[in-house]
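The values are calculated or read from the model by the stated rules, or taken from the named source; none is laboratory data. Keep in mind that this is a model prediction, so the values were computed, not measured. Using ideal geometry, Cβ is built from the backbone for each residue, glycine included, and neighbour counts are taken over all protein chains shown.
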Amino acid sequence: MKVLVIGGTLFIGRSLVEELVKAGHDVAVLHRKPKHDFGRRVENMVADRNDAESVREALSGRRFEVVFDNVYDWERGTTAAQVEATVQACGGRLSRYIFMSSVAAYGDGLNHKESDPLAPDSHANPYIRHKASTERLLFRMRAQHGLPVVTFRPPFVYGPNNPFYREQFFWDRLRAGRPIVIPGDGYRLMQFVYVGDLVAAMLRAMIEPRAEGEAFNIGDSKPLTQVELVERLAKAANTEATLARVPRDLIQQAGGNAFEEPYYFGEYLDVPPITMNIGKVSRMLKVKGTAFEAALKETYRWYARNHKPRTAGFGFDDKLLAMAKTGAPAEV
């Protein structure tokens, strides 16, 4: 098949492109850089997907059977209108338009099914608002014009080449023999999906007739608490974790951040829980998830070979530990 991957050079997109090439598809990558490192088998197309005219110009005269839309602009946001412009630029002969949404599209809550309502267009968080409104738009386009859309709603994605400072955050500290700060009681729930499982489901969605017009939750069936996550990460690194519970109000007083430095529990990982029911993706796409422990071991092997451990942030950890010990704010 002729396949376009929008955003195919990092993490999910990179793994997807590699698997598409292995399967013999004719693959093009659309991104903002003048070149990629996939070699000549993958066509390079340059455009800013948030710029409708740029996308129209890049896709002018081109036709693809399958489009994977993986890109979200974390600095500017990517709106429903921008995604709509991309769909229109792709023309009307698609067999699939596969959009990467997020569990965040639900806004909040536990054990969501795909039929549950998504967050409103007025939601305060732009990422949540954009993902939810984009999905609504795409399914309206299906109802009105027959767009062969498929959406995926993954939770935290992990695995080799993760550009977010998540698993590495903990392994850097565990390998240095440092305690791990646990925000609050550590019982906040988290759900994960291995990047290889997500890509396998995306590939199945290309060819499974029943996938057309469907949204899919995808991830491990059992959420973990934050404490359980740290314990599993420690086990993958063949060590034990020393846990230090620090109240969230003290973390906030010190300036700790879940979205930018200084991190205190990895990048984005300490947010209100949203969990999902995973049954549909296994029933319809026949994707069997990789066991969390096995996937973490593979991820740790990549980390050990490729990641240069960071010490930035250790001083902030020490500040939090001192605050927790005295129960009073430290100087910031």
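Worth pointing out:
- Any chance Val71 is aliphatic (A, V, I, L, M), crowded, with 19+ Cβ neighbours inside 10 Å and modelled with pLDDT under 95: yes
- All conditions but one from (1) in the same structural domain as Arg305 (by TED's automatic domain parsing); (2) over 23 Å from Ala201 (Cα atoms) apply to Glu167; the one that does not is (2).
- Test: Val181 is aliphatic (A, V, I, L, M), outside the structural domain of His130 (by TED's automatic domain parsing) and either in contact (Cβ under 8 Å) with a residue 24 or more places away in the chain or not in a strand (DSSP E or B) (or both): yes
- Phe259 vs. criteria among the aromatic types (Phe, Trp, Tyr), modelled with pLDDT under 95 and in the same structural domain as Gly313 (by TED's automatic domain parsing): yes
- Qualifying positions in region 8-41 - surrounded by fewer than 17 Cβ atoms within 10 Å (Cβ to Cβ) and not in a loop (DSSP other than H, G, I, E, B): Glu18, Glu19, Val21, Lys22, Asp26
- The lone exception for Asp249 - which of (1) more than 19 Å from Phe192 (Cα to Cα); (2) touching a helix residue (DSSP H, G or I) at 6+ places or on another chain (Cβ under 6 Å); (3) not hydroxyl-bearing (Ser, Thr, Tyr) it fails: (2)
- Counting only residues that are touching a strand residue (DSSP E or B) at 6+ places or on another chain (Cβ under 7 Å), over 20 Å from Glu75 (Cα atoms) and part of a loop (DSSP other than H, G, I, E, B), region 87-135 holds 5 of them.
- Top-ranked residue of region 106-144 - restricted to ones that are closer than 26 Å to Ile207 by Cβ and without any contact (Cβ under 8 Å) to a residue 24 or more places away in the chain, ranked as farthest from the chain's Cα centre (by Cα): Gln144
- Every residue from region 246-268 that is in a loop (DSSP other than H, G, I, E, B) and on the phi < 0 side of the Ramachandran plot: Pro247, Gly256, Ala258, Phe259, Glu260, Glu261, Pro262, Tyr264, Phe265, Glu267
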